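Read the structure below first, then the notes.
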Amino acid sequence: MVNKFNNRSDNTMNSALKSEVQGLRGAIGNTAEKQPMPERFEATPLADDPSIMILDTETGKSTIVPIFAYREVRKALNELFG
């Protein structure tokens, strides 16, 4: 199964490190997505960076958050707009 949180920056790592980093990033991202987020927001992992772009579909505004903050941002959006 492909981890949607992998990105091109992983390609510079040796295979052991790459595997460990991708496993950790996948666990962080998958755990974050268990946190509800209002439907007006869409989250898309970036291809070149371990970050997530969050788009507010009602305003068209977006922001980029590092994956380590993804769960807390989803939680905050749910508290504010849920």
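The values are calculated or read from the model by the stated rules, or taken from the named source; none is laboratory data. This structure is a prediction, so every number in the text was calculated from the model and none was measured. Virtual Cβ from ideal backbone geometry, glycine too; neighbours counted across all protein chains shown.
Scan region 10-27 and tell me whether some residue there is under 13 Å from residue 74 (Cβ atoms), modelled with pLDDT of 95 or more and more than 11 Å from the chain's Cα centre (by Cα). No: zero hits. Scanning region 1-26 for residues that are hydrophobic (A, V, I, L, M, F, W, C) and within 16 Å of residue 44 (Cβ to Cβ), we see that the one that is surrounded by the most Cβ atoms within 10 Å (Cβ to Cβ) is 5.
What's the number of the condition residue 31 fails, among (1) surrounded by fewer than 12 Cβ atoms within 10 Å (Cβ to Cβ); (2) farther than 18 Å from residue 66 by Cβ? Every listed condition holds for residue 31 apart from (2).
Quick check on residue 51: is it modelled with pLDDT under 95 and of a type in the set (Gly, Ala, Ser)? Here the answer is no, as residue 51 does not meet what is asked. Give the residues of region 37-60 that are touching a residue at least 40 places away in the same chain (Cβ under 8 Å) and exposed (fewer than 12 other Cβ atoms within 10 Å of the Cβ), sorted by residue number. 47, 48 - these are the residues of region 37-60 that are touching a residue at least 40 places away in the same chain (Cβ under 8 Å) and exposed (fewer than 12 other Cβ atoms within 10 Å of the Cβ). Looking only at region 4-25, which residues are among the charged types (D, E, K, R) and under 18 Å from residue 70 (Cα atoms)? Within region 4-25, 4, 25 meet the criteria.
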